[in-house]
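For reference, the structure is listed below as structure tokens.
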Amino acid sequence: EAGAAAPGEAAGEAAAGAADLDVSALVKFTRPLPALPVLSPRRRTARAETYELRQRETECEIVPGLKTRVRTFDGCFAPPVIKAVRGRRTVIRQVNELTVPTSVHLHGGHVPESSDGGPMDLVQPGASRTYTYPNEQAHANLWFHDHAHHQESETVFRGLTGLYLLTDETEQRLPLPSGAYDVPIAIRDIRLDEAGQIVYAMNDGKDRNLMLANGVAYPYLAVAARKYRFRIVNTSNLRTLDLRLSDGSSYVQIGSDGGLLAKPFTTASLTLSSGERADIVVDFARYAAGTRLVLKNAVASPPGPEDQIGDLLEFRVGERAEDRSRIPDTLRSLPPLPAPDRTREIELLMGADGIGLIDGKAYEEGRVDAEIPFGSTELWSIRNANDRGSHNFHVHLVQFRVVERNGQPVTAGPESGLKDTVRLAPGETVKVQATFGGYRGDFVYHCHMIDHAAMGMMATMRVG
Ligand code: C2O
Ligand code: CU
Ligand code: CU
């Protein structure tokens, strides 16, 4: 087993001045897309499943022939998956075997403050912590990642991420593609040096020029000529994805951050900022056996050479397979939108000095920026005050609804379901509404371009 390197030691740290890996020299689509490993509980009862995860360094082969030192949950750089069922608790003992403090946050989870993994709720190297997730919320594709303030950006970039797929009867009743035809895909960018080591610098998004799917560069996936469900998570620190098929054809989006949409939505592109998720169904039955098509990222954001960051994953279409799956016209009913008790305005700004601000203030531990009465419903108008540079917005504890984008009501499409993260292009304003119930306590809201949160673009709400 690989031991943990001491901070500043050569192993796993890019040597100062080492050249970047020449990603244009990589041969694409030579390795299959790895299936994300599904973790098994140590104990299972009718009411709870118990896990133990060790946060540790290891090496993995992101590009063929090079060993990259990474930070992982249980040795898995491609995010490992925890499957959970509504109504049965998940209890995870997290053991920190890294050399930095961590805090594990369940992104999109409705959990009490004590298990939320807030930025100051640190678990020191050598210590452990048990997080309990009640799983009382509806089905959703959640994920978990480090949140230790100032360290999270680097630790997440080096790999400390996992998926948390919570299901319920509403989802299971639907005749959607399942089993081998339901494939989670975690997409992110990275920057490697010529020795294969991760090059990390805060907010250097435009230099992160290699795209990974399930932890490897340029994989392929052999698919049968039938429908597949792909659960896509953007685990990039900064990069917004715009996913398209190379033949420009459409697919069906059926879900977003907080589970299924009310109605499916046909589209040829999918925009996902850091931390956002989407469920899509692609029907490969329309292609002849032997067809190859590529899932591409169409937007270089931040800009980079398109041929390097454009290609993500190649689909290799094989023979037809039986397909009894179907996308119903109605997927679920969303909770009603009560009239808000109050409204709030929130402004995100990256200052010229590289300090991230919410309403003019950088994050400070213990300062409460928003007092929210328990059980109340609020409408937040969130504005990206930068005229260049994107942000997004994420709030802990709740799933919200995007009710307006730039003055236009959002009633259908990719943002019409339950959300916990919403993108904000330069100058944009979105209005989101949530009901703050369930648990009292202090929770953060922040830009989920995670380097920006580390730079201060985060604030605290007190629900009480
Ligand atoms: Cu995914 Cu507060 O974060
Ligand atoms: Cu979160
Ligand atoms: Cu931001």
When only residues in segment 389-429 that are away from ligand 3 (no atom under 16 Å from the Cβ) and basic (Lys, Arg) count, which is surrounded by the fewest Cβ atoms within 10 Å (Cβ to Cβ)? 405
Identify, please: which residue in segment 419-436 is away from ligand 2 (no atom under 16 Å from the Cβ) and among the small types (Gly, Ala, Ser) and is, among those, nearest to the chain's Cα centre (by Cα)? 425
Candidate set: segment 204-238, residues that are in a loop (DSSP other than H, G, I, E, B) and modelled with pLDDT of 95 or more; chosen: the one nearest to the chain's Cα centre (by Cα): 235
Looking only at residues that are crowded, with 17+ Cβ neighbours inside 10 Å and away from ligand 3 (no atom under 15 Å from the Cβ) in segment 335-379, which one is nearest to residue 425 (Cα to Cα)? 379
Residue 45, sole failed condition from (1) more than 29 Å from residue 101 (Cα to Cα); (2) not assigned by TED's automatic domain parsing to the domain that holds residue 100: (2)
Would you confirm whether any residue within segment 326-341 is within 16 Å of ligand 2 (Cβ to nearest atom), assigned to a loop (DSSP other than H, G, I, E, B) and hydroxyl-bearing (Ser, Thr, Tyr)? no
Extreme residue, nearest to the chain's Cα centre (by Cα), among residues of segment 267-292 that are surrounded by fewer than 19 Cβ atoms within 10 Å (Cβ to Cβ) and in a strand (DSSP E or B): 267
Criterion first (within 20 Å of residue 215 (Cα to Cα) and in a strand (DSSP E or B)) does residue 93 satisfy it? no
Can you tell me which residue among 74, 146 is touching a helix residue (DSSP H, G or I) at 6+ places or on another chain (Cβ under 7 Å) and either among the small types (Gly, Ala, Ser) or not assigned by TED's automatic domain parsing to the domain that holds residue 186 (or both)? 146
Is segment 78-86 home to any residue that is more than 21 Å from residue 230 (Cβ to Cβ) and either hydrophobic (A, V, I, L, M, F, W, C) or surrounded by fewer than 17 Cβ atoms within 10 Å (Cβ to Cβ) (or both)? yes
Could you list, in sequence order, the residues of segment 96-118 that are within 14 Å of ligand 2 (Cβ to nearest atom) and within 18 Å of residue 70 (Cβ to Cβ)? 104
Of all residues in segment 308-325, which are assigned to a strand (DSSP E or B) and either of a type in the set (D, E, K, R) or surrounded by fewer than 18 Cβ atoms within 10 Å (Cβ to Cβ) (or both)? 311, 314, 316, 318, 319, 320
Determine which member of the set 459, 453 is within 16 Å of ligand 3 (Cβ to nearest atom), touching a Pro at 6+ places or on another chain (Cβ under 9 Å) and not assigned by TED's automatic domain parsing to the domain that holds residue 145. 453
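The values are calculated or read from the model by the stated rules, or taken from the named source; none is laboratory data. Computed from a predicted model, the values in this text were never measured in an experiment. No Cβ is skipped: glycine too gets one built from the backbone with ideal geometry, and neighbour counts run over all protein chains shown.
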